[in-house]
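Below is one structure, written out as C-alpha cells; comments come after it.
The values are calculated or read from the model by the stated rules, or taken from the named source; none is laboratory data. Everything quoted here is computed from the prediction, not taken from an experiment. Please note: Cβ atoms are built from the backbone with ideal geometry, for glycine as well, and neighbour counts cover all protein chains shown. Surface accessibility is based on the protein's heavy atoms, side chains included, excluding ligands, DNA and RNA. Shrake-Rupley method; radii C 1.70, N 1.55, O 1.52, S 1.80 Å.
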Amino acid sequence: MLKMNLDLSELELLAIIVFGTYWAVVEILKRKGVLRSRNITAVGPILMIRTTKGLKFLEKISKPKKFWRVIATLGVPAVFAGMAFMFSLILIMDYIMVTSPPKPSPATNPRNALLIPGINQFIPLIWGLIGLVVTLIVHEFSHAILCRVEGVKVKALGVLLALIPIGGFAEPDESELMDEKKLKRIQRIRIFSAGVISNFIVALITFSAFFYFLGFLQPHVVVVDSKVEGIKNGSVILSINGVRVYDEDDVQRALKFDDVVYLQIRQGSEVKTVKLRKITGVYVVGILEGYPAENAGIKKGDVIMTVNGIETLTLKDFMSVMKSTRPNETVTVSIYDGESIRTINVTLTRSPHGDYGFMGVLIGGDYLSGIVLGYSGRLLTNLKSIPTQLLNFKGWLYVIAMPFMFQGFSGDLLNYFTPTGFWRDLGSMIFYLLNILYWIGWINFYVGLFNCLPAIPLDGGRVFQESLMSIFRGEKGKEISALIVRTLAITVFLSIALSIVIPNMQVR
C-alpha cells in the first residue's frame, strides 16, 4: 500500500487554512464581478493585477533600441545553453527517480519545491522577498522593454498574486507579437529571451559584488563542540598562547611547542582567557565499516593525536601524514578516548582518492583540549570558489543547490566574522548587504535557468517553438513545432511533479 509521507506541522496546517480562505474569497469576488470591474483576472487562486502605471517610463528606457537589440541578440546563445543544461537535468532526475528514488528529506519536501520565501524553509522571508521582487521586476520589465524596442504595444504591466506576490508580467498585444508580417522570427526570439538574459546579467553583477564584499570579512577560529565547562559552542577563539588565530595555519603555529594551552575566547561581548592541558589531534565523527580503523578498534569520538610519531594538530597535518603512507603499510597511531591515551597499530588499505594509505575514519574537525575547532574561513573559500565551479556541470548543480547549504549570514554565523576596512564601524551593515546581493543573485540565476526549459508557457518553450518553426515551415510546420513543444512541456512538468511525489511515497 502506498502512503504519502506528508506530516504537517502546525505552521504548515495554518498556512493551508489561510491559503484556502484566501482562495475562497477570490472565488467569491470573481463570481460577483468585483475583480473584472477592477481589471483583475483570476486563474484559480492566482490574481493578475494590471496597471498602466510605468508605461511612460517604459517608453523612455527603451529608447536606445540598438543597445537593447545587441544585448538580447548576444544573450540568445545563453538561453539555449541554459535550455540544454536544464533539460539534461530533468532527464537525469527522471533516471534517478526510476532507478533509486531518494528518501523523504527537507530537500524533497513539497514546500521546498516552491520558490516562495517563508514557505520554502531554505529561503529566508525578508532577504528572499527582496530577491524575488527584484527578479520579477527585472524579468518582466525586460520583456516589456524588448516589446517596445521591436515596436510591439505593451497594454499593461502587472503582478501575479497568490496571497503573496509570486510573479510579475508584462502584457503585450498578442496580435502584434505573433503577427508574422509585423515581426521577424529573430525579433520574437529576442523578446521571449529578454527576461532570461536580464536575470543572468543581474545574477552576474550581484554575485560579482557579493564576492568582492566577502573580502571585507575577517574569518575566525570557532568552537564547534565543547566539553569544557565555561566554553560554549559558537564561541570565537581570538588567540592561542598569545598568538592571534584566524585559520588552521595560525593554530598549527600556536600549538607547536607549548605543553599548556592558554585560550583567549570571545563569548558574546565577554572576552576571557582559559588555561587547559594540551591534548591535540583530529576528532573522529565516524568509522567506515570493514575498514582498517574499525578493525584496529578506533571508535567514534576518539581523537587521533599522532601517526607514526608525527603530531596531527589539524586536519591538514593528518592529511599530509596519510598521503605520505602507502597501502598495506602498518602505522602507529596515538589515540585519546576522552580519558586516556593509547597507542595502536593500523594496517592501511588503499585510499579511494589516490595511491596512498587509508584508515577509514571520518574527521569532524580539529580537537584541542576538550573542544572541536571550526574555521569560518573555509566558508569564505567555498563561496569564493563558485565562479570557477561554473566551468563544469557539477558546479552548476552546486550553485542550484546552494540554499540547501548556505542561507546567508545570520544567527551565530554573524559572530564568526569581523567586518574590516570601511565596514569596520558599521555594525552588521555588511552582512545585510551580502544577504541582499546573495539572494538577488541566486534567485535571478535560478529563475533564469528554470525559464530556459523548453516548455510553454516558460520563455524557453516559446524560444524553442520559434526556432523549430524556422526549420519546419508552413502551417504543417507550425503544427509539428507545437506538438514537439507540448510534448516537452508535458515531460518537464510531469517530471517535476514526480520528483516531488515519488520521494514522499512509502510502500507499506
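Annotations
- Residue check: Ile46 meets all listed conditions (1) β-branched (Val, Ile, Thr); (2) out of contact with any Lys or Arg (no Cβ under 8 Å at 6 or more places or on another chain); (3) at pLDDT 90 or above but one, namely (3).
- Residue count for the range 379-400, restricted to those that are free of Cβ contacts under 8 Å to residues at least 40 places away in the same chain and either over 20 Å from Val221 (Cα atoms) or in contact with a strand residue (DSSP E or B) (Cβ under 8 Å, 6 or more places away or on another chain) (or both): 9
- Filtered residues of the range 296-308 (kept if open to solvent by 60 Å² or more (accessible area, probe 1.4 Å) and touching a residue at least 24 places away in the same chain (Cβ under 8 Å)): Lys299, Asn308
- The set of residues from the range 335-359 being surrounded by fewer than 21 Cβ atoms within 10 Å (Cβ to Cβ), in contact with a Gly (Cβ under 8 Å, 6 or more places away or on another chain) and either over 21 Å from Val224 (Cβ atoms) or of a type in the set (S, T, N, Q) (or both) comprises Ile344, Thr349, Arg350, Ser351.
- Unmet criterion (only one of (1) within 18 Å of Ser198 (Cα to Cα); (2) open to solvent by 10 Å² or more (accessible area, probe 1.4 Å); (3) out of contact with any Ser or Thr (no Cβ under 9 Å at 6 or more places or on another chain)) for Ala482: (1)
- Residue, modelled with the highest pLDDT, within the range 1-41, restricted to residues that are part of a helix (DSSP H, G or I) and of a type in the set (S, T, N, Q): Thr21
- Scope the range 250-260; condition under 39 Å from the mean Cα position of the chain (by Cα) and surrounded by 12 or more Cβ atoms within 10 Å (Cβ to Cβ); matching residues: Asp250, Val251, Gln252, Arg253, Ala254, Leu255
- Every condition in (1) under 20 Å from Phe141 (Cβ atoms); (2) of a type in the set (S, T, N, Q); (3) crowded, with 16+ Cβ neighbours inside 10 Å is met by Asn112 except one, and the failing one is (1).
- Residue list for the range 92-109, restricted to those being in a helix (DSSP H, G or I) and either open to solvent by less than 30 Å² (accessible area, probe 1.4 Å) or small (Gly, Ala, Ser) (or both): Met97, Ala107, Thr108
- Inter-residue pairs, beta-carbon under 8 Å, first farther than 15 Å from Phe409 by Cα and open to solvent by 20 Å² or more (accessible area, probe 1.4 Å) and in the range 431-452, second charged (D, E, K, R) and assigned to a helix (DSSP H, G or I), 6+ apart: Asn451/Asp459
- Residue within the range 131-149 that is in contact (Cβ under 8 Å) with a residue 24 or more places away in the chain, surrounded by fewer than 17 Cβ atoms within 10 Å (Cβ to Cβ) and part of a helix (DSSP H, G or I) present: yes
- Residue-level analysis places Ile456 among those that are at pLDDT below 90 and of a type outside the set (Gly, Ala, Ser).
- A count restricted to the range 397-411 and to residues that are in a helix (DSSP H, G or I) and open to solvent by less than 50 Å² (accessible area, probe 1.4 Å) stands at 4.
- Of Val285, Val261, all but one fail to be out of contact with any Ser or Thr (no Cβ under 9 Å at 6 or more places or on another chain), within 27 Å of Asp412 (Cα to Cα) and not basic (Lys, Arg); the exception is Val285.
- Set Leu414, Leu391: member being hydrophobic (A, V, I, L, M, F, W, C) and either in a helix (DSSP H, G or I) or modelled with pLDDT of 90 or more (or both): Leu414
- Scanning the range 293-325 for residues that are more than 38 Å from the chain's Cα centre (by Cα), farther than 14 Å from Gly281 by Cα and part of a loop (DSSP other than H, G, I, E, B) turns up just one, Gly297.
Residue-wise test of (1) exposed (fewer than 13 other Cβ atoms within 10 Å of the Cβ); (2) out of contact with any Pro (no Cβ under 7 Å at 6 or more places or on another chain); (3) touching a residue at least 40 places away in the same chain (Cβ under 8 Å); (4) among the charged types (D, E, K, R).
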| position | (1), (2), (3), (4) |
| --- | --- |
| Ile46 | no, yes, yes, no |
| Phe57 | yes, yes, no, no |
| Pro64 | yes, yes, no, no |
| Ile90 | no, yes, yes, no |
| Pro124 | no, no, yes, no |
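- Residue within the range 271-285 that is modelled with pLDDT of 90 or more and on the phi > 0 side of the Ramachandran plot present: yes
- Scanning the range 267-292 for residues that are open to solvent by 60 Å² or more (accessible area, probe 1.4 Å) and either under 12 Å from Asn241 (Cβ atoms) or not polar (S, T, N, Q) (or both) yields Gly268, Glu270, Val271, Thr273, Lys275, Arg277, Val285, Glu289, Tyr291.
Per-residue answers, yes or no, for (1) under 30 Å from Ser481 (Cα atoms); (2) at pLDDT 95 or above; (3) open to solvent by less than 10 Å² (accessible area, probe 1.4 Å); (4) not in a strand (DSSP E or B):
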| position | (1), (2), (3), (4) |
| --- | --- |
| Lys182 | yes, no, no, yes |
| Arg188 | yes, no, yes, yes |
| Gly195 | yes, no, yes, yes |
| Phe200 | yes, yes, no, yes |
| Ile205 | no, yes, no, yes |
| Phe213 | no, yes, no, yes |
| Val224 | no, no, no, no |
| Lys232 | no, no, no, yes |
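- Check on Val134, among the aliphatic types (A, V, I, L, M), touching a strand residue (DSSP E or B) at 6+ places or on another chain (Cβ under 6 Å) and at pLDDT 90 or above: no
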